[in-house]
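What follows is one structure encoded as structure tokens, with my remarks underneath.
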């Protein structure tokens, strides 16, 4: 069988199919042939490639491990930066929302002019005394529509006049309840002021807040 030597290119007669070189000298020369080199992707060192068909990226196994470790650290660092960025954005949104709510609920009292932070959106007064003063002003404005105003009328006086009994539901009322409770005593005008009634003793009666609210500005005939 005639073959061509891989080292010198001469033709030779081969007794075996696996024989690639014409002589031992050509075989040794092939083994001593300089192999290709490459640059390590981690340390930058030049190294000899052991297998031409499978060229490596690193000069040693340790460089490969160190490279993988550095890549993992870089990925973790990128994730940390992204997480911190999201946290800053979330904190900034909360701060802006808090400032918006504070700006919406920071109001000026309509009675004393004091700046206050109201928990409710409809808050108009900074304190209970200011709210009571506002209620008194509303009552005074309503009473201005009356032809006759008796300034001696008070809630305590009306309460004792009727013995603390509600003229609507007949229940005994006390001042132990919260002023906003339905069973708290209140003054009712028999003929509403809006319909020509006056603020006089013969036109007022005692009612609980619930009955007063139900009666509204109606005239109840006996």
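Here, each number is a calculation from the coordinates, and none is a lab measurement. From a predicted model like this one, the values you see are computed outputs, not experimental measurements. Methodologically, a virtual Cβ is constructed for each residue, glycine included, from the backbone with ideal geometry; neighbour enumeration extends over all protein chains shown.
Brief remarks follow.
- Annotation: the residues 219, 190, sorted from fewest to most other C-beta atoms within 10 Å of their own C-beta, follow the order 219, 190.
- Three semi-axes of the equivalent ellipsoid, the stretch 148-215, Cα gyration tensor, whole Å, largest first: 20, 13, 10
- Working from label points 7 Å from Cα in the Cα-to-Cβ sense, the residue 131 to residue 169 distance is 2.2 nm.
- For the chain: span of alpha carbons on each principal axis (Å, largest first): 144, 37, 31
- In the stretch 148-215, Cα pairs under 8 Å separated by at least six residues give a relative contact order of 37 percent.
- By the count of neighbouring beta-carbon atoms within 10 Å, fewest first, 195, 18, 3 end up ordered 18, 195, 3.
- Point-to-point label distance, residue 78-residue 142, nm (Cα→Cβ direction, 7 Å offset): 7.1 nm
- Ascending count of other beta-carbon atoms within 10 Å, so fewest first, for 165, 204, 4, 128: 128, 4, 165, 204
- The stretch 104-180: Cα Rg divided by the 2.2 N^0.38 Å rule of thumb: 1.47
- Expressed to the nearest 5 percent, the antiparallel share of DSSP beta bridges inside the chain is 95 percent.
- Once C-alpha pairs closer than 8 Å and six or more residues apart are averaged by separation and normalised to the residue number of the chain, the relative contact order reads 9 percent.
- 222 nm mean residue ellipticity, helices alone, for the chain (DSSP H n ≥ 4; -39,500 (n - 2.57); rounded to 500): -12500 deg cm²/dmol
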